[in-house]
Amino acid sequence: MKISLTNHTAYTKLGGLEALRGFAAIYVLIHHARWFLWAGYTNGYLKQPGSFNLFNKALVYFFSLFIYGHEAVIFFFVLSGFAIHLKYSISIKQNGNEFSLKNYLIRRSKRIYPPLIFALIFTYLVDSLGKSFDFPIYGNQTPFPTVKDNFSFITLIGSLIFLTNTYVESWGSNFALWSLKFEWWFYMFYPIFLYLTKKSFLFAFILMTGLYILSFQAWIWQNQLLREIFSYMIIWWFGVILADLYTGRLNMNLKFFIPLVLIIPTLVFFGSKLEQQLRDTLWGIGFFAFLALFLHLIKHNLLPTFVNKLSFLGSFSYTLYIIHSPILVFMSGYLLKENHSLPLTFGYVFLGIVLSVAIAWVIHLIVEKPITFRKIS
């Protein structure tokens, strides 16, 4: 697929990608709301099926569609690789360079840090409030071991330099911050591989693939962080490849990759038998193909117009992602203290979703938008 690159036409129809980013963040939110604010399929529905009327039974199966929260983060990785590289792919194709490492690092820091710092403060305040009410979820008295009571100085520094779940635990109840570690270090290694792609895209891809293969061999890697990053950076790199296909820097038609989208339903039915790193990589290939299909529809003006109108969902998706977990944990703690169990109905799930979106939107307007807001970052 070749496109005109003048007057930023490569960006003009990509509002739908922002909508996808928003949908992915909301998907993760619903996944966690279902987990923290409902009794669950095994411990709720299967044990007390008579307590569910027809409507609630329908909701049980509807919310079962949201069990792939981890996979939604894999989708974020692919989309992020595309969004980051698109600008530089255009620049390389037009004039071969114009990459400023200083400006790149400033943009990435401005994009990541203001909402992150707010999220760390917000998590501390919400968790402290929950502990003051003696909610059992903060004392490891519940089935949620992901909720940590860890606000040490070391954990704070580790969270700010993106070492979560490698060298430090999660910051309090904000377990969702694990993926920021990967995103940040993808950003840090990207300039090196960008330089290599300008010399030889094939060499850069072979090197990336080689590092990925070596990451399976823990005995080779003495540094745990590097092993983790390169076990997943190839997924992010699929998005980079997609951007080069979209701009025509790689002379291949996107439609040839679309059949790979069949990997996604295959993984839904058979993926549980695979080791997680390999399974996540295959999900990444499937999402790469899905985005190729999406871009193909954009090229041929086949994408429904309402999708672009939902691009506002992407504007606060980052804030939503990094502040929703302490909200849901607080609500779950209240329910567990008051009722000693989670509800069989879905009222609190809906309430948690609405509250999280509303709070994230306000925080986005106050903290994120004035400093970091961009349609395609």
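Selection of segment 227-261 for residues being free of Cβ contacts under 8 Å to residues at least 12 places away in the same chain and either part of a helix (DSSP H, G or I) or of a type in the set (Phe, Trp, Tyr) (or both) yields only 256. Among the candidates 138, 113, 88, the residue that is surrounded by 19 or more Cβ atoms within 10 Å (Cβ to Cβ), under 26 Å from residue 371 (Cβ atoms) and among the aromatic types (Phe, Trp, Tyr) is uniquely 88. Being out of contact with any helix residue (DSSP H, G or I) (no Cβ under 7 Å at 6 or more places or on another chain) and more than 30 Å from residue 236 (Cα to Cα) is a description that does not apply to residue 158.
Output the number of residues of segment 294-307 satisfying the condition of being under 19 Å from residue 243 (Cα atoms) and within 20 Å of the chain's Cα centre (by Cα). Write out each step before concluding.
The initial filter retains those residues of segment 294-307 that are under 19 Å from residue 243 (Cα atoms), namely 294-301, 303.
Filter once more, keeping what is within 20 Å of the chain's Cα centre (by Cα): 294-295.
Looking only at that region, the number is 2.
Selection of segment 211-225 for residues being assigned to a helix (DSSP H, G or I) and either modelled with pLDDT under 90 or surrounded by fewer than 17 Cβ atoms within 10 Å (Cβ to Cβ) (or both) yields 213, 214, 224, 225.
Just the residues that are of a type in the set (Lys, Arg) and more than 21 Å from residue 350 (Cα to Cα), please, taken from segment 13-28.
Residue satisfying the conditions is 13 alone.
Looking at residue 149, is it surrounded by fewer than 18 Cβ atoms within 10 Å (Cβ to Cβ), part of a loop (DSSP other than H, G, I, E, B) and free of Cβ contacts under 8 Å to residues at least 60 places away in the same chain? Yes, satisfied.
Evaluating residue 91 against the criteria (1) more than 19 Å from the chain's Cα centre (by Cα); (2) within 30 Å of residue 347 (Cβ to Cβ) leaves one unmet condition, (2). Only one entry of 80, 159, 132, 91 meets the criterion of being hydroxyl-bearing (Ser, Thr, Tyr), farther than 16 Å from residue 325 by Cα and modelled with pLDDT of 95 or more, and that entry is 80. The set of residues in segment 110-140 being over 21 Å from residue 364 (Cβ atoms) and either in contact (Cβ under 8 Å) with a residue 12 or more places away in the chain or charged (D, E, K, R) (or both) consists of 127, 129, 130, 131, 133, 134, 135, 136, 137, 138.
Does residue 338 fit the bill of being of a type in the set (Asp, Glu) and surrounded by fewer than 16 Cβ atoms within 10 Å (Cβ to Cβ)? Spelling it out, residue 338 is indeed of a type in the set (Asp, Glu) and surrounded by fewer than 16 Cβ atoms within 10 Å (Cβ to Cβ).
The values are calculated or read from the model by the stated rules, or taken from the named source; none is laboratory data. No experiment lies behind these values; they were computed from the predicted model shown. Don't worry about glycine lacking a Cβ; one is built from the backbone with ideal geometry, like all the others, and counts go over all protein chains shown.
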